[in-house]
Amino acid sequence: MPTIILGNRRNLSVSDDNSNGDTIILGNGADDTVSAASSQYDTILLGNGANDAVSAAASQYDTIILGNGAGDVVNALGKVGDPALPGSLYNTITLGNGRGDTVNLFGASNDAITLGNGAGDTVSATPNLTDFSSRYDTITLGNGTADIVSLDNSQGDTITLGNGVRNTVDITGFFPSSGDTIILGNGAADSVNVGEGSDNRIIVGNGDGDSIDLGGGSFGAQGDTIIVGDGQADAVTIGHGSNNNIALGNGDHDVVNNQGGSHNTITLGNGAGDVVNDAGSSDTITLGNGADTITAGADSLIMVGNGADTITAGADSTITLGNGADTVTAVSSLINGGHGHDTFMLTGSFGEDTITNFSPAHDNIVLAQAVFGNFGAMQHDIAQVGANTVITDPQNSANMITLTGVKTSSLHASDFQFA
């Protein structure tokens, strides 16, 4: 277990492959190089020179520390000539605050990787032929801007980035990720790309303009938990994933786009102007007290707060309104009205809809003029059925509106509009 100590000259080079328990110390010179392939329990220390490089292919239990120089590189790759063997296992890799530092992993497992506050740092991992690119690794980056973590086929990793802006975490790749925890700070315009991963947990801070993409192919993300802070104009995109839990904070103008997934839970806070575009089905959507817009698929469960919301729901949905002046377009749905001045858009083929808490004093129903004509002409289309009022399309009896607990005698021309 020898100790190798070199000074501050630049372009120093140490080759110590197949070592066990060695200590290698280089000074502050730039462009130093250390090779410690297939090493175990080594300690490798390099100073603050720029563009230093350590190659530790197929290493285990090493401690590798580089200083604050810019452009430092650590390669913990697989064994040359045998891509099936794992790369870095149980290593501790620490780089300082230099800009543009890079750590490259291959088939890594249980490593602790820490990079400082320099901008443009990168950690990347690729899988070997038989295993994950990274498994149960802890990857921590500081407050630098435009840092990047890119993992293909990761599992159980913990990835933490600081408060720098425009940071990116990409765990898409050819193979899906699973069980990762990703935490980003309060910087603006951070992005996380997940792809067809499953059971990942993603937490993003209060920066504005953050984006999370649960895209992917035919399946999309499954069972992910997404928590986004109070920044404005944050965006979450769901591809064809299902059973994801998505929560955004109180920032204004947040957007959730679901391109076809199902059984997702989508919750947005009290920001104004939030938008949910949901082309999926069987999702649960809850919005706070802002003036928000929701377009949802079939079998949706929708709950909105006290803002003036606009809701368009697919067939067989359940919609619960708050106290704002809401506008609802629905098909064969249950609509629980609030205490605001609500408008129910029931034109075309609207199916069998039920509206609870309809108030003739301040709510309105919009009907097709070509079908119902006007309030006087539609009197024979209105019937009292028990405690309820039922309005039936004279041209298609499959279109029917039930106003629960409302007497026909309480309805007036002011309760209806014709378009």
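The values are calculated or read from the model by the stated rules, or taken from the named source; none is laboratory data. No experiment lies behind these values; they were computed from the predicted model shown. Cβ sites come from the backbone with ideal geometry, for glycine too, and all protein chains shown count toward neighbours.
The table for this structure:
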{"quantity": "Condition met for Ile382 (over 25 Å from Ile311 (Cα atoms), of a type outside the set (S, T, N, Q) and in contact with a helix residue (DSSP H, G or I) (Cβ under 9 Å, 6 or more places away or on another chain))", "calculated": "yes"}
{"quantity": "Extreme residue, farthest from Asp157 (Cα to Cα), among residues of region 209-221 that are modelled with pLDDT of 95 or more and surrounded by fewer than 19 Cβ atoms within 10 Å (Cβ to Cβ)", "calculated": "Gly209"}
{"quantity": "Qualifying strands (runs of 3 or more DSSP E) (wholly inside region 206-266; at least 3 residues being of a type in the set (A, V, I, L, M))", "calculated": "225-228, 235-238, 245-248"}
{"quantity": "Some residue of region 196-205 being closer than 18 Å to Ser124 by Cα, crowded, with 24+ Cβ neighbours inside 10 Å and touching a Pro at 6+ places or on another chain (Cβ under 9 Å)", "calculated": "yes"}
{"quantity": "Single unsatisfied condition, Ile25 versus (1) under 22 Å from Asn110 (Cβ atoms); (2) at pLDDT 95 or above", "calculated": "(1)"}
{"quantity": "Tally, over region 178-197, of residues that are closer than 16 Å to Gly239 by Cα and either in contact with a Phe, Trp or Tyr (Cβ under 9 Å, 6 or more places away or on another chain) or β-branched (Val, Ile, Thr) (or both)", "calculated": "3"}
{"quantity": "Hits in region 1-19 - residues which are surrounded by fewer than 11 Cβ atoms within 10 Å (Cβ to Cβ) and among the small types (Gly, Ala, Ser)", "calculated": "none"}
{"quantity": "Residue count, region 110-134 (criterion: among the charged types (D, E, K, R), under 17 Å from Asp180 (Cβ atoms) and surrounded by 22 or more Cβ atoms within 10 Å (Cβ to Cβ))", "calculated": "1"}
{"quantity": "Lone qualifier among Gly107, Gly144 - being assigned by TED's automatic domain parsing to the domain that holds Leu66, of a type outside the set (S, T, N, Q), crowded, with 24+ Cβ neighbours inside 10 Å and at positive phi", "calculated": "Gly107"}
{"quantity": "Number of the condition not met by Ala383 [criteria: (1) in a loop (DSSP other than H, G, I, E, B); (2) more than 25 Å from Gly280 (Cβ to Cβ)]", "calculated": "(1)"}
{"quantity": "Contacts under 6 angstrom Cβ, first residue in region 377-401 being modelled with pLDDT of 95 or more, partner in a loop (DSSP other than H, G, I, E, B) and surrounded by fewer than 18 Cβ atoms within 10 Å (Cβ to Cβ), 6 or more apart", "calculated": "Asp381/Pro394; Ala387/Gly405; Asn388/Thr404"}
{"quantity": "Single match in His341, His263 (criterion: surrounded by fewer than 18 Cβ atoms within 10 Å (Cβ to Cβ) and on the phi > 0 side of the Ramachandran plot)", "calculated": "His263"}
{"quantity": "In region 168-198, the residues that are in a loop (DSSP other than H, G, I, E, B), among the charged types (D, E, K, R) and closer than 13 Å to Leu214 by Cα", "calculated": "Glu196"}
